Amino acid sequence: MREASYAGQTPRFRALLYYSDYVEEAHRQFTHQAISFFDKLTVGDGWILEADTSLLEKGDLSQYDVIIMPDVHPGTPEERTLFEHYMEHGGGWLGFHAAAYNDLSTGWDWFRDFLGGGRFLCNTWPPQPALLEVETQEHDITRNLPEEFVCPSSEFYQWQPDPRLNPDIEVLVSLSPKNFPMGLKDVVFGGDFPVVWTNTRYRMIYLNMGHGDECFTSATQNLLFINSLRWVVSQSPSGNPFER
C-alpha cells in the first residue's frame, strides 16, 4: 500500500480565477458560485487560489499553474498577448461556458484555434438539465464517472466547424442524442454537441457548463470539475505536484 502524500506547510500549486463583473446575470451567478466552490477546495492550504478581474495586474502569469476562466476570456490586446504567451509556454487553462464564446466580431484567431477552430453557432434554450455521455473512461478526467449522467440545468453551445473534426481535439463528454428535440423556445433537433474537450497541443480543458445558479448542485458534475482542475495541474511542465 502506498502511503498518503501530505502537502504540509507548502501549497502544491497556485491558481488564478480570472472573471468579469460585466457579464449577464446567469454568468455572474455561476462565477460567484465557482469562486466559492474552488475556494472551499483550498481548505487546509493545500493550494492557493486568487480571483481577479485583470491579468495585467498579475504581471508574470507563469507564477500560476492554472488559470480558471468561468465567464469571460481576455478582451484587450494586452491581456490577449499575455495569455497567449502564458499558454504557448506551458500554462494551464480551465475554461467554462461563456469563457469560450467567440463569433466573427471577436477578432482573435489564436483563441479560436486554441479552442479547436469553432465559432459559436447556436445554443439550446431555455437552460435545462440534460443527459450527457462520457465518451471515454480511459482519460483521468472521466475514469471515475458513469457512462451517462444527467447534469444540472445549463445552456449548451454548438460550434461551427465542429471541434471534433480537429485532430488535436479529444472530446471527453458530449450531449446525448437522446435529448433531441431539445428546447422550449429555441428548439434544437440534433447535431453534435461536444461539452467537454481538450486541445492536446495545450494544457487545457473546456467545459460548456456554466450558466445560472444550478451548476454546482450535482455531485457527479462537481467531480468532473475537480478532476478537470486536477488533471490540468498534474500536467505541469515543472512536474506533477500531487506526486510530491
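Every read-out reported here was derived from the displayed coordinates using simple, explicitly stated rules and does not represent laboratory data. Worth saying up front: this structure is predicted, and the values here are computed from it rather than measured. Note that we place each Cβ from the backbone using ideal geometry, even for glycine, and neighbour counts take in every protein chain shown.
Going by the alpha-carbon gyration tensor, a ≥ b ≥ c the square roots of its eigenvalues, is the range 179-236 rounded (a/c under 1.5) or, if a/c is not under 1.5, prolate (a/b greater than b/c) versus oblate?
It comes out oblate by the Cα gyration axes.
Hey, with R₀ at 22 Å, roughly what FRET efficiency would His89 and Arg14 work out to, going by the Cβ-Cβ distance, to 0.05?
Computed FRET efficiency for His89 and Arg14 comes out at 0.85.
So which DSSP H runs in the chain come out at 15 Å plus along the axis (Cα) with average Kyte-Doolittle of at least -1.0?
Answer set is 25-40, 219-234.
If the cut-off is 15 Å between C-alpha atoms, which aspartates and glutamates fall inside it for Lys40, apart from same-chain ones fewer than 8 positions away?
Glu50
Gain in length, Tyr101 to Leu56, computed as 0.36 nm per residue apart minus the alpha-carbon separation, to one decimal in nm?
Full-extension gain reported as 14.1 nm.
For Val195, Val72, what ranking results if the residue with the fewest other Cβ atoms within 10 Å of its Cβ goes first?
Least to most surrounded, the residues fall as Val72, Val195.
Which parts of the range 7-24 would a label at Asp39 reach, counting a residue when its backbone N lies under 13 Å from a point 7 Å out along Cα-to-Cβ?
17
Between Gln128 and Gln160, what is the FRET efficiency for a Förster distance of 30 Å, r being their Cβ-Cβ separation, to the nearest 0.05?
Efficiency, rounded to the nearest 0.05: 0.85.
Compute a Gaussian network model of the chain, connecting alpha carbons closer than 10 Å, and tell me which residue from Phe189, Phe37, Phe13 fluctuates the most.
Result: Phe189 has the largest fluctuation of those listed.
Rounded, prolate or oblate: which fits the range 124-234 when a ≥ b ≥ c are the square roots of the eigenvalues of the alpha-carbon gyration tensor, with rounded for a/c under 1.5 and prolate only if a/b beats b/c?
oblate
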